[in-house]
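As structure tokens, the structure follows; a few thoughts come after it.
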Amino acid sequence: MSKKIYIISLFCICFLFPYKAVAQSTIITGIVTDSVTNEPLPYVSVFLKGPQVGVTTDDEGRFSIKTSSAFSKIIFTSLGYQGKEISVKRGGTHNLEVRLLPSTYDVKEVIVRPKRDRYKRKGNPAVDFVKNIIERRDQNSPENHDYYNYEQYDKLTLALNDFSEEQKKKWLFKKFQFIFDYVDTSEVSGKPILTVSIKEKIAENHYRKSPTSHKQQVTGIKRAGIDEMFNQESLQQFYDEVFKEVDIFGNDVTMLLTRFVSPLSNIGPAFYRYYLMDTIQVEGERCVDLA
């Protein structure tokens, strides 16, 4: 009887040990983050090198893989990031914190030139739109209302344009090298400029048609720069003459002491080219971006 028990026990030991070796499993969990921002990375491909078993990270950058197959490494790849391989010992449970480095790409300059169509006034919706405005110009002009008022904000900046390194060599600036610390970049041309004067004003304007009255109440004014070196009254007269307020509803407008045909003049459609760029909403009102 004891002999039979010994044989059965030996058989069980020989059977169970190989099965345990074959069924050995590995569990790998973890999180993948951006190495720069430390933010979790979703949809990163995570797969085992060898059996090609893989998953993707969830919205929080987490993943979990369970396998009983043999593998050598675990690989992480994602668009816009450098791939990464990590060696993991087979068997047991492993928790990884993986940080991927963003990739850098050198993109050559691409110039897109739109096809230029021949400008036509006949059948042009922009021209038709402007003609409708001109027909209602007197009706829409603020001067034809009994009363109106509005808040006005003016900002005038005077600067030396294209202020390059060559300017430093001129005798005028040799004793004032500190001013080069205030060189800025123009938002229009992208060239360096040196601001020499800034003036800001906020005012409330009130108009009455009959009897005619037009009053302006200045609620705030700020000056900085060379303006403070000159007589303010004379300087203001100069500004008022050079930078006159534009009345778009008139037949002509004056800018920088030069008269131009108003875009809403009767001869405007023959003088200018009009383009409907876009439609926009302003305080709930549908408006047109006209160029």
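The values are calculated or read from the model by the stated rules, or taken from the named source; none is laboratory data. As the structure is a prediction and not an experimental result, all values here were calculated from the model. For neighbour counting, all protein chains shown are included, and Cβ atoms are generated from backbone atoms with ideal geometry for every residue, glycine included.
Data for the structure
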read-out: Test: residue in region 173-181 that is exposed (fewer than 11 other Cβ atoms within 10 Å of the Cβ), at pLDDT 70 or above and in a loop (DSSP other than H, G, I, E, B); value: no
read-out: Condition met for LYS66 (more than 16 Å from ILE31 (Cβ to Cβ) and in a strand (DSSP E or B)); value: yes
read-out: Leading residue by the ranking (surrounded by the fewest Cβ atoms within 10 Å (Cβ to Cβ)) among those in region 236-265 that are outside any strand (DSSP E or B) and at pLDDT 80 or above; value: PRO263
read-out: Odd one out for PRO269, checked against (1) in contact with a Lys or Arg (Cβ under 8 Å, 6 or more places away or on another chain); (2) modelled with pLDDT of 85 or more; value: (2)
read-out: Test: LYS131 is within 30 Å of VAL246 (Cβ to Cβ) and either in contact with a strand residue (DSSP E or B) (Cβ under 7 Å, 6 or more places away or on another chain) or not β-branched (Val, Ile, Thr) (or both); value: yes
read-out: The one condition in (1) out of contact with any helix residue (DSSP H, G or I) (no Cβ under 9 Å at 6 or more places or on another chain); (2) closer than 30 Å to GLN139 by Cβ; (3) modelled with pLDDT of 70 or more; (4) not assigned by TED's automatic domain parsing to the domain that holds LYS131 that ILE280 fails to fulfil; value: (4)
read-out: Number of the exception - VAL288 against (1) without any contact (Cβ under 8 Å) to a residue 40 or more places away in the chain; (2) among the β-branched types (Val, Ile, Thr); (3) closer than 18 Å to GLU135 by Cβ; value: (1)
